[in-house]
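Chemist: Before I ask anything, let me first share the structure, which is written out below as structure tokens.
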Amino acid sequence: MDSDDDRDARGGGGPAPAVEAAAAPGGMAGLSFPYQIVAAVALAAFGVLACMQLAMVFLHVAPSNTLTKQHGAAVDDWVYPEFEQNWKLFAPNPLQQNVAVQVRTETAGPEGPRTTAWRDLSAEDGRAIRGNPLPSHVQQNELRRAWDFYVGSHDDKNRANGLRGTLSEKYVRRLVMLRLGGQDDGGTILRIQVRSEVRAVAAPEWSDEKISTGPSYRVLPWWKVSADDLPEGAGQ
């Protein structure tokens, strides 16, 4: 018969190995009951928000229908300006121009009003976006869409087409003054003038197409700055 020492050497004389504990449940099941409730409510809220977002964007791009006729204002309030959708990328003639919005100011100084040089607001937006892995929708589109809004609601002589024209003028003024603040080059801003600089996109190197990339300008009249145009907290 084997001795106790022989059995111990073969591992047969020791205590039986302990049964491994059952693996703890993962996911929400591993949370305590109060945390399960919080997680379930958060997931439900996220699901409702996602469904609302999809529904609002669908109604925004869908043809006119009963819902949009009754609740079009609510849809626009939800979509603009962060979630606006359009089909310009897929249009028969995609955008082939670079449009820059520029501004100059007339400021008050000790020797009287003086006019500053043109300041390229679009170039400033471009520098802020370049190198940013997650630029905001506002950074990319706010100024561009404001200018599109103005151009679409005015004729070639900068005359407003109805109430939307007046609204677009106020929007552009306020947006420009938000960028400038109440002062420019240390002087209080009295008037602003906005213009667009349009340059055609150059043809690719492999193309024989000849395209002029020289600038063309659309210059708006001088606008007098009022208290309503200033950002909150800025003095005039």
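The values are calculated or read from the model by the stated rules, or taken from the named source; none is laboratory data. The model shown is predicted, which means the values in this text are computed figures rather than measured ones. Quick reminder, even Gly has a Cβ in these numbers, built from the backbone with ideal geometry, and neighbours come from all protein chains shown. When the accessible area is computed, the model is the full protein with side chains, heavy atoms only, and any ligands, DNA or RNA have been set aside. Shrake-Rupley method; radii C 1.70, N 1.55, O 1.52, S 1.80 Å.
Chemist: Kindly report, to the nearest 10 Å², the accessible surface of Thr116 as traced by a 1.4 Å probe over protein heavy atoms only.
Modeler: Thr116 exposes around 20 Å² with every protein chain in place.
Chemist: Residue by residue through segment 203-219, which ³J(HN,Hα) values in whole Hz follow from phi under the Karplus form 6.51 cos²θ - 1.76 cosθ + 1.60 (θ = phi - 60°), with glycine and proline marked x?
Modeler: My calculation for segment 203-219 gives 5, x, 4, 7, 8, 8, 5, 9, 10, 7, 9, x, x, 10, 10, 10, 9 Hz in order.
Chemist: Let me ask something else. Quick check: residue separation of Asn158 and Ala123 times 0.36 nm, minus the Cα distance between them. What number comes out in nm?
Modeler: Numbers: separation 35, 0.36 × 35 = 12.60 nm, distance 2.38 nm.
Full-extension gain reported as 10.2 nm.
Chemist: How much length would be gained if the chain were fully extended between Val99 and Gln70, taking 0.36 nm per residue of separation minus their Cα-Cα distance, in nm to one decimal? Provide the component values of the computation, followed by the final result.
Modeler: Details: separation 29, 0.36 × 29 = 10.44 nm, distance 3.56 nm.
Roughly 6.9 nm would be gained on extension.
Chemist: So who's got an amide H within less than 5 Å of the one on Gly187, skipping anything under 5 residues away but keeping other chains? H placed 1.01 Å off N, in plane.
Modeler: Those lying under 5 Å, H to H, from Gly187: there are none.
Chemist: Kindly write out, for segment 157-172 in residue order, the coupling ³J(HN,Hα) from the Karplus curve 6.51 cos²θ - 1.76 cosθ + 1.60 (θ = phi - 60°), rounded to whole Hz, with x marking Gly and Pro.
Modeler: Residue by residue, segment 157-172 yields 9, 6, 9, 5, 9, x, 5, 5, x, 5, 5, 5, 4, 4, 5, 5 Hz.
Chemist: Find how much the distance from Leu43 to Thr188 grows on full extension, using 0.36 nm per residue of separation minus their present alpha carbon separation; answer in nm with one decimal. Each step should come with its number before you reach the end.
Modeler: Values: separation 145, 0.36 × 145 = 52.20 nm, distance 5.07 nm.
The span from Leu43 to Thr188 would gain 47.1 nm if fully extended.
Chemist: Note down the nm distance, to one decimal, between modelled labels 7 Å out along Cα→Cβ at Tyr35 and at Val219.
Modeler: 6.7 nm
Chemist: If each of Val57 and His137 carries a label point 7 Å out from its Cα toward its Cβ, how far apart are those two points in nm?
Modeler: Each label point is offset 7 Å from its Cα along the Cβ direction, giving 0.8 nm.
Chemist: Using a probe radius of 1.4 Å on heavy atoms only, what accessible surface per residue do you get for segment 165-236? Whole Å² is fine. Walk me through the numbers on the way to the answer.
Modeler: Numbers: 4300 Å² over 72 residues.
Using a 1.4 Å probe on heavy atoms only, each residue of segment 165-236 averages 60 Å².
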